[in-house]
Amino acid sequence: MASAGLAALPLAMPQVHAQTGKLPLVRDAEAEALLRDYAAPIYRAAGLPQSQVEIILVNDKGFNAFVPDSRRMFVNLGVLMDAETPGEVIGVIAHETGHIAGRHLVRLRQAATNAQIMSVIGLVLGVGAMAAGASSGAGGVAQGGAAMALGAGSVGQRSLLAYQRGEEAAADKAALRYLEATGQSAKGMLKTFERFADQQIFSSRYADPYALSHPMARERYNALEAEARKSRYFDTPAPTALQARHDMVRAKLLAFTSHPNAVARAYPRSDTSLAAQYARAIATMNTRSRDAVKAIDALIAQQPNNPYFQELKGQALLESGNPREAVAPFRKAVALQPNEGQFLIWLGYALVGANDPTLLPEAERVLKSGIQRDPNSGIAYSQLAIALARQGKQPEADVATAQGLMMAGDFQGAKRYAARAQKNLKPGTPSWLQADDIVSYKPPSFGQ
């Protein structure tokens, strides 16, 4: 996958797909909000608190999703990009929720003993939350950004779990119950699983990873279809507004992960839909064209209160070397959606990049506020460290750097910065306690 667009901010980002075995994560506020809205009624029907299960996007175009524990659901970008309707994605979420609610055993295989996967294991087990620290006023991190790539641990999705066929069937039935309880059609779920059932006639070498981890015999599919068709909601389509949001996210992800020529083929000029305009504007931005802001302004003219258009404009300006100009659209995005941590991180990034000492106190406040709302972002730690250091707060900057290293899985580097910070901090203060947490941290040990 090309790095253009995904490595959105002007930072040296890891080439996640160039390194074999990486599990590359990606952040996008719009896609994450859509997935949360898809999942919310399903979680309620399953009896799960909405805040219990976090959906994490994986920067992979393959169709795959999996749950390593009861608190994390990993969903590939390919799930959103391949699904033509919301129901196809909702069906996958419902199925995975069935595994969580059913307390099915999810086994980490031999790869879990590999020390190189510690950053993924850290994410799964909440190291990121620990790194953010106990004090709400202390430096932490969140990462904002449209389709922003993050480096994560080196283990493939397939090595993270193995489901038994019985558990799969139970998850199917649970998914149908959740969809029925929420008045939604199972047609999308059937469309997804029908493809996997058909794949079993081919060599597993060419099978979709989701089909491999979720075995679907034709007999099982037929039984699932018969049950699904009994629902009075089977022919009920998704609400028009939800379909529109789905189309926008699909267009956005395609544009950020594909060559501009591929975007032009998928969304030719003859397609005047808003989703097509969105995709073409992003493709223009990815070519570093001066016309990018003009194309984004055309989107904003149609929907002035769309925070994701404001975010995109800020990103385009930031990437083109105009961080001071990027501040205004990021402020607008925050004003439209004050609780979105990623918008706050973008704004903090632009304020730091403006290279104006008078903006640094605001940058610090904004970054910390973003961290409280979105504590799993490595980039924000580095930006907070810069803002603190430029204000002469070097010990606090060292703590922020240590937190960022914790997020990256570099525990030894984090401990070094935290130890240095402790020497220059007053014992018992929030920053000192955060540093002490990192110095005292012992990574979990995983057996076979």
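The values are calculated or read from the model by the stated rules, or taken from the named source; none is laboratory data. Nothing here was measured: the structure is a model prediction, and the numbers come from that model. Here the Cβ positions follow ideal geometry from the backbone for every residue, glycine too, while neighbour counts run over all protein chains shown. Remember, those area values only see protein heavy atoms, side chains included, never the ligands or the DNA or RNA. Shrake-Rupley method; radii C 1.70, N 1.55, O 1.52, S 1.80 Å.
Listed values, structure above:
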quantity	calculated
Pick from segment 361-374, criterion surrounded by fewer than 21 Cβ atoms within 10 Å (Cβ to Cβ), of a type outside the set (Ser, Thr, Tyr) and in contact (Cβ under 8 Å) with a residue 12 or more places away in the chain, ranking: farthest from Met407 (Cα to Cα)	Pro361
Count of segment 320-347 residues which are open to solvent by 30 Å² or more (accessible area, probe 1.4 Å), in contact with a helix residue (DSSP H, G or I) (Cβ under 7 Å, 6 or more places away or on another chain) and in a helix (DSSP H, G or I)	4
Only one of Gly133, Gly62, Gly87 that is at pLDDT 90 or above and either open to solvent by 10 Å² or more (accessible area, probe 1.4 Å) or of a type in the set (Asp, Glu) (or both)	Gly87
Qualifying position, being surrounded by 15 or more Cβ atoms within 10 Å (Cβ to Cβ), modelled with pLDDT of 90 or more and of a type in the set (Gly, Ala, Ser), among Ala238, Ala171, Ala226, Ala197	Ala238
Test set (1) outside any helix (DSSP H, G or I); (2) in contact (Cβ under 8 Å) with a residue 24 or more places away in the chain - Leu351 fails condition number	(1)
The listed residue being farther than 14 Å from Ala380 by Cα, open to solvent by less than 60 Å² (accessible area, probe 1.4 Å) and modelled with pLDDT of 95 or more, out of Ala419, Ala400	Ala419
Hits in segment 65-84 (condition: open to solvent by less than 30 Å² (accessible area, probe 1.4 Å), under 18 Å from Arg245 (Cβ atoms) and part of a loop (DSSP other than H, G, I, E, B))	Ala83
Scan of segment 43-64 for residues that are assigned to a helix (DSSP H, G or I) and within 19 Å of the chain's Cα centre (by Cα), ordered by number	Tyr43
Leu388 touching a residue at least 12 places away in the same chain (Cβ under 8 Å), assigned to a helix (DSSP H, G or I) and open to solvent by less than 20 Å² (accessible area, probe 1.4 Å)	yes
Looking only at segment 403-429, and only at residues there that are hydrophobic (A, V, I, L, M, F, W, C) and touching a residue at least 40 places away in the same chain (Cβ under 8 Å), the one that is farthest from Gly348 (Cα to Cα)	Phe411
Cβ-Cβ under 8 Å pairs, at least 6 apart or on other chains, segment 49-65 side under 16 Å from Arg27 (Cα atoms) and among the β-branched types (Val, Ile, Thr), far side open to solvent by 60 Å² or more (accessible area, probe 1.4 Å) and not in a strand (DSSP E or B)	Ile55/Arg36
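So that you can scan it fast, the table gives a plain yes or no per residue for (1) aromatic (Phe, Trp, Tyr); (2) over 24 Å from the mean Cα position of the chain (by Cα); (3) in a helix (DSSP H, G or I):
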{"site": "Phe234", "(1), (2), (3)": "yes, yes, no"}
{"site": "Gln243", "(1), (2), (3)": "no, no, yes"}
{"site": "Arg250", "(1), (2), (3)": "no, no, yes"}
{"site": "Gln277", "(1), (2), (3)": "no, no, yes"}
{"site": "Ala281", "(1), (2), (3)": "no, no, yes"}
{"site": "Thr284", "(1), (2), (3)": "no, no, yes"}
{"site": "Ser289", "(1), (2), (3)": "no, yes, no"}
